[in-house]
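*Asks:* One structure follows; several queries about it will come next.
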Amino acid sequence: MKIVPLRMFGLLSLAAILAACTQQDVYEMSQENGRKACEKEPPPMQDRCMEQYQQSYDEYQRERDALLEDSK
C-alpha cells in the first residue's frame, strides 16, 4: 500500500471540509471575516464598516431569492 503524500492528504481533507459546509456556513464565515477586517480600520471608520456585515443569513437569502425571481 502506498503512503499518500501529505500534500495530497491536505487537499483531500480541505475538499471534504468544504463539501460539508452549507451555504449558510460560508455566508456566516464571510461575514465574520469582514467584521474582523473592520477591526483593523481606524476607530471612526469601524462602525461604518461593521454595518456592511450585520445582515443575517435569512435576510440575505430573502433578498437573494427576490433578485433571482426578478431576473426570470
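*Asks:* Give the accessible surface of the chain per residue, rounded to a whole number of Å², with probe radius 1.4 Å and ligands, DNA and RNA excluded. Walk me through the numbers on the way to the answer.
*Replies:* On the way: 6480 Å² over 72 residues.
Per-residue accessible area for the chain comes out at 90 Å².
*Asks:* Pop out the carbon and sulfur fraction of the accessible area of the chain as a percent, whole number, probe 1.4 Å.
*Replies:* Numbers: 3800 of 6480 Å².
On the chain, the fraction of accessible area on carbon and sulfur atoms equals 59 percent.
*Asks:* Identify, among MET29, SER13, LEU67, the residue whose Cα sits farthest towards the positive end of the charge dipole of the chain, taking +1 on the Cβ of Lys and Arg and -1 on the Cβ of Asp and Glu, with the dipole about the Cα centre.
*Replies:* Result: SER13, furthest along the dipole toward the positive end.
*Asks:* Rounding to the nearest 20 debye, state how big the charge dipole of the chain is about its Cα centre with +1 on each Lys and Arg Cβ and -1 on each Asp and Glu Cβ. List each step's numbers first, then the result.
*Replies:* On the way: 9 positive and 13 negative charges, 130 e Å.
In debye, rounded to 20, the chain gives about 620.
The values are calculated or read from the model by the stated rules, or taken from the named source; none is laboratory data. Computed from a predicted model, the values in this text were never measured in an experiment. Positions of Cβ are backbone-derived with ideal geometry, glycine not excepted, and every protein chain shown enters the neighbour counts. Note: accessible area is taken over every heavy atom of the protein model, side chains too, but ligands, DNA and RNA are not part of it. Shrake-Rupley method; radii C 1.70, N 1.55, O 1.52, S 1.80 Å.
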